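J.: One structure, pasted below without further comment.
The values are calculated or read from the model by the stated rules, or taken from the named source; none is laboratory data. Given the structure is predicted, the values throughout are model-derived calculations rather than measurements. Cβ sites come from the backbone with ideal geometry, for glycine too, and all protein chains shown count toward neighbours.
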2 protein chains.
Amino acid sequence: MNHYVSHLEAAIDGTVLPFGQLANMHNARPIWVRYHLDKIKSAVTPAQIAARAPSLWRYRELLPLPFDVEPVTLGEGMTPVLHCARLGKQLGLSQLFVKDESQLPTGSFKSRGMAAAVSMAKWLGVKRVALPTAGNAGGAAAAYAARAGLECFVFMPHDTPVVNQFEAQLYGAKAFRVNGLINDCGKIVKDGAERMGWFDLSTLKEPYRLEGKKTMGLELAEQMQWALPDVIFYPTGGGTGLIGMWKAFAELKELGWLRGATFPRLISCQAEGCAPIVRAFDKGERFADLFPNAHTVASGLRVPVAVGDFMMLDAIRASGGKAVAGSEAKIGAWMQRASSAEGISTCPETAVCFEILERMVAAGEIKPDARVVVFNTGAAPKYLEAMPYNLPALDKDRVDWDAIARA
Amino acid sequence: MNHYVSHLEAAIDGTVLPFGQLANMHNARPIWVRYHLDKIKSAVTPAQIAARAPSLWRYRELLPLPFDVEPVTLGEGMTPVLHCARLGKQLGLSQLFVKDESQLPTGSFKSRGMAAAVSMAKWLGVKRVALPTAGNAGGAAAAYAARAGLECFVFMPHDTPVVNQFEAQLYGAKAFRVNGLINDCGKIVKDGAERMGWFDLSTLKEPYRLEGKKTMGLELAEQMQWALPDVIFYPTGGGTGLIGMWKAFAELKELGWLRGATFPRLISCQAEGCAPIVRAFDKGERFADLFPNAHTVASGLRVPVAVGDFMMLDAIRASGGKAVAGSEAKIGAWMQRASSAEGISTCPETAVCFEILERMVAAGEIKPDARVVVFNTGAAPKYLEAMPYNLPALDKDRVDWDAIARA
């Protein structure tokens, strides 16, 4: 056997689907990858994994790519878990950690999903991929497609951050700006699948980006000596990471690798200008309505409708967590506050998490000694539009020392 | 003993200087850190290092920070060494590798030097640092100073890439734009040392950024199973990385950790608009004159005068390598060519390296089966100005499929 996948499974109704051929969705909803966890349990130990190279591919038994197939890799992972004593103290937390995904290839967590999805697509014979993107996914898809030698089409809202536009062209993708939102771009990708012969790499519309994102949870668990934190703050647009981590924890529990029986509370963080999951959570619903007039400078959260809504909501509720909307007005200030407190390049989506964290600590919903992990999902400079900046000018021939001293 | 440093040594005349107190230069020239390599040899083995966490601090015995002092860290290193089969084939090389430093904190190799220098400065009691920067060093210094809780002043040429301006403010540095070049900014830092009470973190004007950069060479050696490559292409502005790697190789040789007796040829790559080291190399001189009217879009190479010029030129000559100037006009095209061939986010300085590599292969100076390593020193999106980009627009209500098909 050269992989441990048992089958694919429709998330909406449990239908068993075959592995080893191209798959998108089932009944317009996502598909899970299921593994022979009992066989993995006897095949590998945490100690063996600890001796492997620091890459998300160290969890190879828990990934779908057959062992005799070379992954498409840019050296992704592991990313550090950084203790943030100074910022924690400001917030009243003694055990605040940031898992810094900005250090991945292309500067965001999107690389994890694309490493897995592009590796699988290439193995299954795909030559051309396409996707809509709110920002970082386009750059990551373009980069991994380039590495794999695949053709890549990227469709992004016209007001996507300039860095995301730049990087899509940098990696040779055929990239377009669309006068709409990510769901409008998604419709183009769907409509073009037959006409253009591309494989749809959209969030949760194929099964493997989820498996790549799952490695955030695997890494976090290993880095915390297989004891999960008490609370996770995670910015959710399409939600693959949140769903993937929850799947990771469940698989690790079944493998018997976890110390301690409790799972973390998942706090799904959205921006008030686009908070469909928060609305559904508050209304007690399993499916989320399209959020009208979506807008936020946290472009990764500008996802008004998500095919994985019920998977997110199921995970949040099972964890005892909640979905919360952050203040749009505080995003730029929190980017700078978090970045300057700890030196971690904090993206707007993560700024939203910190703002929510501050309120929840103040409300007594997070205990001062709780082990809290905030995911920093991307590098701040990918969002030049999100934080105003303006450096004062100095004349080299008449240096204004008073201005320097006053700064 | 809680470190293996034997002493500091003036690079220009070998004067022995004490370790454990603040040091800048000696006779206006840089200072080496020297170690008790014999003691390190009996204290640690490559196998022990291989079992440590993937960070540049795994080489702790070869770094100056005492073992009982916590490093100032953002989780820097290790960075991947990626085999580039597709780009290699285009260039006629079977063993082309890129060491991708864009995956470090703040997206550039500058983080290595700053991790070491800020850790040492904090240990030695510094509260306030300052530096001039051509681009990425400012962001890295600001981030590590923030992580350390130090105050940071950054001075950059007025036309420094916008992302570098953004990130300096993001991390809370007091950052200024100066109507001059990096040496003009350096003069402000020098002049202000007494008045403002800051410690000068300029390239090679303190001994420890060099030690941090040295870890590029240590990592590369370990990742290539302690067998060094045949040729290294490295973009040289201030030159700390080139000098640091050469020092790393010498230390590893003395430790007896290297397989094979030969060191790589070092190819120092500069841009034709600012090539002081190339001029000095061609003239057979050990010191380089100031390069007048320096200009290049590869902002990291816009260093018209370097205090470590003789250290660079000594290393290049000892290696049997050379210094070569790349074509300014080809930088943008090579950024896109390399990035789209391999998915690696290729900065303009590294684009210069590839252009020179292509010419040297064509001239027969690099054999087709040579093991060639090119350093990618930063993430391409930090240089929005260096590559033109323009995404075509699509109307979501009337999708122009012909335009998509023609792309």
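J.: Going by the structure shown, is A:V163 β-branched (V, I, T) and either closer than 27 Å to A:L62 by Cβ or surrounded by fewer than 24 Cβ atoms within 10 Å (Cβ to Cβ) (or both)?
T.: It is false that A:V163 is β-branched (V, I, T) and either closer than 27 Å to A:L62 by Cβ or surrounded by fewer than 24 Cβ atoms within 10 Å (Cβ to Cβ) (or both).
J.: Give me the residue from segment B:349-390 that is among the β-branched types (V, I, T) and over 16 Å from the mean Cα position of the chain (by Cα) and, out of that set, nearest to the other protein chains (Cβ to nearest Cβ).
T.: Top of the filtered list is B:V372.
J.: Can you tell which of B:A407, B:A393, B:A341, B:A403 is over 21 Å from the mean Cα position of the chain (by Cα), at the interface with chain A (Cβ under 9 Å from one of its Cβ atoms) and at pLDDT below 95?
T.: Step by step, each of B:A407, B:A393, B:A341, B:A403 is checked, and only B:A407 is over 21 Å from the mean Cα position of the chain (by Cα), at the interface with chain A (Cβ under 9 Å from one of its Cβ atoms) and at pLDDT below 95.
J.: Now a separate question. Would you please list the contacts, defined by Cβ atoms under 6 Å and residues six or more apart or on different chains, that run from a residue in segment B:45-68 that is without any contact (Cβ under 8 Å) to a residue 24 or more places away in the chain to a residue that is surrounded by fewer than 19 Cβ atoms within 10 Å (Cβ to Cβ)?
T.: Close Cβ pairs satisfying both conditions: B:R58/B:I49; B:R58/B:R52.
J.: In the set A:A11, A:A23, which member is crowded, with 18+ Cβ neighbours inside 10 Å, among the small types (G, A, S) and within 30 Å of A:F233 (Cβ to Cβ)?
T.: Selected residue: A:A11, the only one of A:A11, A:A23 that is crowded, with 18+ Cβ neighbours inside 10 Å, among the small types (G, A, S) and within 30 Å of A:F233 (Cβ to Cβ).
J.: Listed residues B:E342, B:E349; which is buried (at least 23 other Cβ atoms within 10 Å of the Cβ), touching a Ser or Thr at 6+ places or on another chain (Cβ under 9 Å), acidic (D, E) and within 24 Å of B:Q95 (Cα to Cα)?
T.: B:E349
J.: Going by the conditions given, is B:N183 crowded, with 24+ Cβ neighbours inside 10 Å and more than 8 Å from chain A (Cβ to nearest Cβ)?
T.: The answer is no for B:N183.
J.: Considering only segment A:31-48, I want to know if a residue exists there that is within 28 Å of A:L201 (Cβ to Cβ) and within 14 Å of chain B (Cβ to nearest Cβ).
T.: Within segment A:31-48, not a single residue is within 28 Å of A:L201 (Cβ to Cβ) and within 14 Å of chain B (Cβ to nearest Cβ).
J.: List every residue pair whose Cβ atoms lie under 6 Å apart, where the two residues are 6 or more positions apart in sequence or sit on different chains, the first residue falls within segment B:161-178 and is within 7 Å of chain A (Cβ to nearest Cβ), and the second residue, located anywhere, is among the basic types (K, R) and assigned to a helix (DSSP H, G or I).
T.: B:V163/B:K382
J.: Follow-up question, since we're still on this one. With the requirement that a residue be surrounded by fewer than 24 Cβ atoms within 10 Å (Cβ to Cβ) and β-branched (V, I, T), what does segment A:374-389 give you?
T.: Correct list: empty.
J.: Something else about it: Name the single residue that is nearest to A:A318 (Cα to Cα) among those in segment A:281-300 being among the aromatic types (F, W, Y) and touching a strand residue (DSSP E or B) at 6+ places or on another chain (Cβ under 7 Å).
T.: So the residue we want is A:F281.
J.: Another question, then. With respect to B:M156, determine if the residue is more than 7 Å from chain A (Cβ to nearest Cβ), outside any loop (DSSP other than H, G, I, E, B) and either at pLDDT below 95 or closer than 22 Å to B:L8 by Cβ (or both).
T.: Spelling it out, it is not the case that B:M156 is more than 7 Å from chain A (Cβ to nearest Cβ), outside any loop (DSSP other than H, G, I, E, B) and either at pLDDT below 95 or closer than 22 Å to B:L8 by Cβ (or both).
J.: Take residues that are closer than 26 Å to B:R371 by Cβ and tell me which of the strands (runs of 3 or more DSSP E) falling wholly in segment B:47-152 contain 1 or more.
T.: Those strands (runs of 3 or more DSSP E) span B:81-83, B:95-100.
J.: Is there a residue being closer than 25 Å to B:I356 by Cα, buried (at least 24 other Cβ atoms within 10 Å of the Cβ) and facing chain A (nearest Cβ under 9 Å) anywhere in segment B:123-138?
T.: Within segment B:123-138, none of the residues are closer than 25 Å to B:I356 by Cα, buried (at least 24 other Cβ atoms within 10 Å of the Cβ) and facing chain A (nearest Cβ under 9 Å).
J.: Something else about it: Which of the following residues is without any contact (Cβ under 8 Å) to a residue 60 or more places away in the chain and either more than 24 Å from A:V189 (Cβ to Cβ) or basic (K, R) (or both): B:E365, B:E358?
T.: Every option except B:E365 fails the conditions.
J.: Looking only at segment B:224-240, decide whether some residue is closer than 27 Å to B:G20 by Cβ and touching a helix residue (DSSP H, G or I) at 6+ places or on another chain (Cβ under 8 Å).
T.: Checking segment B:224-240: at least one residue is closer than 27 Å to B:G20 by Cβ and touching a helix residue (DSSP H, G or I) at 6+ places or on another chain (Cβ under 8 Å).
J.: Could I ask something else about it? Select from segment A:63-77 the residues that are at pLDDT 95 or above and within 14 Å of chain B (Cβ to nearest Cβ) and write down the one among them that is farthest from B:E70 (Cα to Cα).
T.: Ranking the qualifying residues of segment A:63-77, first place goes to A:E70.
J.: Across segment B:73-83, what is the total count of residues that are closer than 18 Å to B:R337 by Cα and either aromatic (F, W, Y) or surrounded by 24 or more Cβ atoms within 10 Å (Cβ to Cβ) (or both)?
T.: 0
J.: Which one of these is away from chain B (no Cβ under 14 Å) and crowded, with 24+ Cβ neighbours inside 10 Å: A:F233, A:F249, A:F263?
T.: Among A:F233, A:F249, A:F263, only A:F233 is away from chain B (no Cβ under 14 Å) and crowded, with 24+ Cβ neighbours inside 10 Å.
J.: May I ask you to list the residues in segment B:78-88 that are touching a strand residue (DSSP E or B) at 6+ places or on another chain (Cβ under 7 Å) and within 9 Å of chain A (Cβ to nearest Cβ)?
T.: Hits for segment B:78-88 are B:T79, B:P80, B:V81, B:L82.
J.: To continue, here is another question. Residues being among the small types (G, A, S), touching a residue at least 40 places away in the same chain (Cβ under 8 Å) and under 25 Å from B:P304 (Cα atoms): count how many of those fall in segment B:140-160.
T.: Here the count works out to 1.
J.: While we're on this one: So A:V189 passes all but one of these: (1) more than 7 Å from every other protein chain (Cβ to nearest Cβ); (2) in contact with a strand residue (DSSP E or B) (Cβ under 8 Å, 6 or more places away or on another chain); (3) not in a helix (DSSP H, G or I). Which condition number does it fail?
T.: Single failed check for A:V189: (3).
J.: Tally up the residues in segment B:193-210 that are part of a helix (DSSP H, G or I) and more than 23 Å from B:S299 (Cβ to Cβ), please.
T.: The number of residues fulfilling the criteria is 6.
J.: Another one. Please verify whether A:A323 is of a type in the set (G, A, S) and either part of a loop (DSSP other than H, G, I, E, B) or touching an Asp or Glu at 6+ places or on another chain (Cβ under 7 Å) (or both), treating the condition exactly as stated.
T.: no
J.: Going through segment A:198-219 one residue at a time, which ones are touching a strand residue (DSSP E or B) at 6+ places or on another chain (Cβ under 6 Å) and within 14 Å of chain B (Cβ to nearest Cβ)?
T.: Of everything in segment A:198-219, just one residue is touching a strand residue (DSSP E or B) at 6+ places or on another chain (Cβ under 6 Å) and within 14 Å of chain B (Cβ to nearest Cβ), namely A:W198.
J.: When you go through A:L150, A:L91, A:L104 one by one, which is the residue that is modelled with pLDDT of 95 or more, surrounded by fewer than 24 Cβ atoms within 10 Å (Cβ to Cβ) and within 12 Å of chain B (Cβ to nearest Cβ)?
T.: Within the list A:L150, A:L91, A:L104, the selection yields A:L150.
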